[in-house]
Amino acid sequence: MQSSEHNGFASNSPNGRDAHNRLLESMSAVGIANKDVVEAPYLTQEHILFREQVRRFVDTEVKPRGEQWEEAGFVPRDVLRRMGELGFLGVRYPQAYGGSEMDSIATAILAEELGKSTFGGFAVTVLVHTDMASPHLANAGTREQLERWMPDIVAGKKIAAVAVTEPDAGSDVAGIRTSARREGDNYVLNGSKIYITNGVHADIYFVAAKTDLAAKGSRGISMFVVEKGTPGFSVARALKKHGWLSSDTAELVFEDCRVPVANRLGEENRGFYAVMKNFQNERLVLGAQAIGEAQAAIALTLEWVTQRRTFGTTLWEKQAIRQRLAMQAAKVEAGRQLVYNTAWLASQGRDCVKEVSMLKAYCGELVNEVMYDCQQFHGGFGYMREAAIERMVRDARIHSIGGGTTEIMLEEVAKRMIPSRDRT
Amino acid sequence: MKILVPVKRVPDPATTIRVLPDGSGIATDNVKWVINPFDEIAIEEALRIKEKQGGEVVLVAVGQQTWQEQLRTGLAMGADRAILVRSEAALDTLAIARLLAKIAEEQKPDIIILGKQAIDDDSNQVGQMLAEMLGWPQATFASKVEFQDRKCTVVREVDGGLETVAFDLPAIVTTDLRLNEPRYASLPGIMKARKKELKEIPADSLGVDLTPKLKIKKLDPPPKRQAGRKVASVEELVQVLHNEAKVI
């Protein structure tokens, strides 16, 4: 093949064809899937070891069972408990509650490796629990509240969900209508929540509600802990989704739901700031998950195109295909570095709202672009339900929407591009 | 019970291995290194014994500075402490067995458990050599290990069946694949491993003859697999197997 001279392998072989075959050989299914990208300098031995353990868990406990969970519409509790036993659900939490006091980089590793499982629904079930819901308790909880709920959350015995979004308020948190009226030692919650991940099967919900109806905008919102089974709280329906089928998503209803004052997280009327604060972590995690999914898709596609033959050659031998995959791999690597650099900034306690917003926008769009190409190169098979790539395409779609749409993220970036308006 | 577990660092079995063009070794760039899988089984068995009857699990490796990564992994699984006998040069099995025997004399374990072989060179010698040097009984290829007081019973996987042997401690046991399934290192385990003792000893400080008795002259990659071909009938298949492949 003439083309072997252009791929850089011809020079170290007397025969370009041999070089090409070696290249193909080195891309045996296993070789690609396990090939590590060079690790960044700020990764410690603990980070690397943690990654290996999560990867082994995903390969042995998740990949063989994921299809069943997609059918069932949720991830069984024993899987989450097992992850709890292994300490995967308490990455950054205090040791006193079973956590390991690691940093944002370890969190990014968890999200990336779960993303590589090819089951986005499974990944998000875990990540909502660890990084979108339970941080509300970890950040704002009193000692009593932490002691009461944290150990079970870290152990995976109680699964968490966060309920902020309403039919008329998503990223625009200030627009929520669910109310919490103070009555003696209780608050009385009324309203509804929608698109709540883990909403059907969770045990503990962190719910945003208006405690001061007269207050304007962001003021007047408080966060509450509502446990499954509290009278007046119900799951109205499980929602059917485009992707993420192994994740349960619900509409929740609160009808005169009485919650003790002891279940309020943080100060009254200051809940908005708690929600905003955790958005950063949530978006970092979603970006890392998206990058994991994109890497897995490219690996799957490489397996396919190096084997699938058309017109006498493999698809990989066609420059148009391998160059497009190479470019996507380059973009994914760029996104991955942005994710880890931002995680490192966060681990140093540095402000990184701009970087987080950038990576959420970039990775959320990129994963869709990558999935499009990967499905395209799978040909007709990629359109079949039995192809992993078909599921991954559906799972990826949410990444430019959930946790802050690309448009919202770009506004956050734009705001910070002009120094005089920076962080007003 | 005090258990000593020798550990070797080997390329990940899932990695594609490339032999260097001059046949002097394998290309090590981009190779992921892991604990020899049989040694990982040995660590798991040691931890289970400790969990049942108390004691201490001590890991030991003979190798370069980088080998502490595998020792840390073992500590993260739950071993108590580790010893790295530092040697920059690659040593042959006899030298390694001699060093391990020295460490055993110093540590005085009740039992030494190690992999039956390492998956890189498949030597299958260190356990047996150690038994000879220490004058201890040995049970190789263990698929089941049980204790009663100072007596150990091991079920061995031998050709055509199983063999059960019993002996007194101290002793050497080498592990086979079906002995157990090694545990994960939990995240709290990984964090705890950071603070566990990992002692380094220079290999040349132990007064052991390290001169290699064995030299690897050349490595050859396995022959390339030939493409398959379809035959039209059973008759043709028999013909081909007999005349061309010459296997029947």
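Name the residues of region B:1-28 whose accessible area, probed at 1.4 Å, falls by at least 50 Å² once all protein chains are in place instead of their chain on its own?
Going by heavy-atom accessible area, the residues of region B:1-28 that drop by at least 50 Å² are B:14, B:16.
Could you do me a favour and compute the accessible area per residue for region B:7-56, 1.4 Å probe, result in Å²?
47 Å²
Between residue A:383 and residue A:326, what is the FRET efficiency for a Förster distance of 25 Å, r being their Cβ-Cβ separation, to the nearest 0.05? Walk me through the numbers on the way to the answer.
On the way: r = 24 Å, r/R0 = 0.96.
Calculated transfer efficiency: 0.55.
For every other residue with a beta carbon closer than 13 angstrom to the beta carbon of residue B:114, add +1 if it is Lys or Arg and -1 if Asp or Glu, then tell me the sum.
Values: positive: B:8, B:116; negative: B:39, B:40, B:44, B:45, B:176.
Neighbourhood net charge equals -3.
Would you mind getting the accessible area per residue of region A:273-422, heavy atoms of the protein chains only, 1.4 Å probe, in Å²? Don't jump to the answer; show the numbers that get you there.
On the way: 6710 Å² over 150 residues.
Solvent-accessible surface per residue comes out at 45 Å².
Using the alpha-carbon centroid of each, what span in Å lies between region A:208-223 and region A:282-339?
45 Å
What total accessible surface area, summed over both chains, is buried at the interface between chains B and A, computed with a 1.4 Å probe and given in Å² to the nearest 100?
On the way: alone 14300 and 19280 Å², together 31500 Å².
The buried area between B and A, both sides summed, comes to about 2100 Å².
Output the residues of region B:175-212 meeting this criterion: accessible area (heavy atoms, 1.4 Å probe) in the chain alone minus accessible area with all protein chains in place is 20 Å² or greater.
Those are B:184, B:185, B:186, B:187, B:188, B:190, B:191, B:194, which lose 20 Å² or more relative to the chain on its own.
Which order do peptides A:199-206, B:211-218 fall in by mean Cβ count within 10 Å, highest first?
Values: A:199-206: 22.6, B:211-218: 9.5.
In descending order of packing, they fall as A:199-206, B:211-218.
Are there residues in region A:82-108 whose accessible area shrinks by at least 40 Å² when all protein chains are included rather than the chain by itself, and which are they (probe 1.4 Å, ligands and nucleic acids not counted)?
In region A:82-108, residues shielded by partner chains: A:86, A:100.
Accessible area per residue of region A:102-215 at 1.4 Å probe, in Å²? Provide the component values of the computation, followed by the final result.
Working: 3380 Å² over 114 residues.
Result: 30 Å² of accessible area for each residue.
What average count of beta carbons from other chains do you get within 10 Å of the Cβ of residues in A:44-52?
Numbers: counts 2, 8, 8, 1, 5, 10, 6, 0, 8.
For this peptide, the per-residue mean of nearby foreign Cβ atoms is 5.
Take the residue pairs A:241/A:331; A:157/A:193; A:193/A:360; A:360/B:192; B:2/B:192; A:116/B:230 and return only those whose Cα atoms are more than 30 Å apart.
Numbers: A:241/A:331 28 Å; A:157/A:193 24 Å; A:193/A:360 24 Å; A:360/B:192 33 Å; B:2/B:192 20 Å; A:116/B:230 38 Å.
Pairs exceeding 30 Å: A:360/B:192; A:116/B:230.
Which lysines, if any, have their Cα less than 22 Å from the Cα of residue B:215, not counting same-chain residues under 8 positions apart?
Within the straight-line cut-off, residue B:215 pairs with B:8, B:116.
Give the value in nm², to one decimal: projected area of the alpha carbon convex hull of chain A, averaged over all directions. Could the numbers behind the result be given before it?
Working: hull surface 88.1 nm².
Answer in nm², one decimal: 22.0.
Roughly how many debye, to the nearest 20, is the charge dipole of chain A about its Cα centre, given +1 on each Lys and Arg Cβ, -1 on each Asp and Glu Cβ, and no other charges? Walk me through the numbers on the way to the answer.
Details: 51 positive and 53 negative charges, 87 e Å.
For chain A, the charge dipole is close to 420 debye.
Among DSSP bridges having both ends in the protein assembly as shown, what percentage is antiparallel? Round to the nearest 5.
Working: 49 of 81 bridges.
Here the antiparallel bridges make up roughly 60 percent for the protein assembly as shown.
Assuming 0.36 nm per residue, please report the length gained on full extension of the stretch residue A:45 to residue A:219 beyond their Cα-Cα distance. Could the numbers behind the result be given before it?
On the way: separation 174, 0.36 × 174 = 62.64 nm, distance 4.40 nm.
Length gained between residue A:45 and residue A:219: 58.2 nm.
Would you work out what percent of the accessible area of chain B, with all protein chains in place, is carbon or sulfur (probe 1.4 Å)? Please list the in-between numbers first.
On the way: 6780 of 13240 Å².
With neighbouring chains kept in place, the figure for chain B is 51 percent.
Roughly how many nanometres apart are two label points built 7 Å out from the Cα toward the Cβ at residue A:369 and residue A:258?
In this crude spin-label approximation the distance works out to 5.6 nm.
The values are calculated or read from the model by the stated rules, or taken from the named source; none is laboratory data. All values derive from a computational prediction rather than experimental measurement. Glycine gets a Cβ as well: all are built from the backbone with ideal geometry, and neighbour counts include every protein chain shown. Side chains are part of the model used for accessible areas, which takes the heavy atoms of the whole protein and leaves out ligands, DNA and RNA. Shrake-Rupley method; radii C 1.70, N 1.55, O 1.52, S 1.80 Å.
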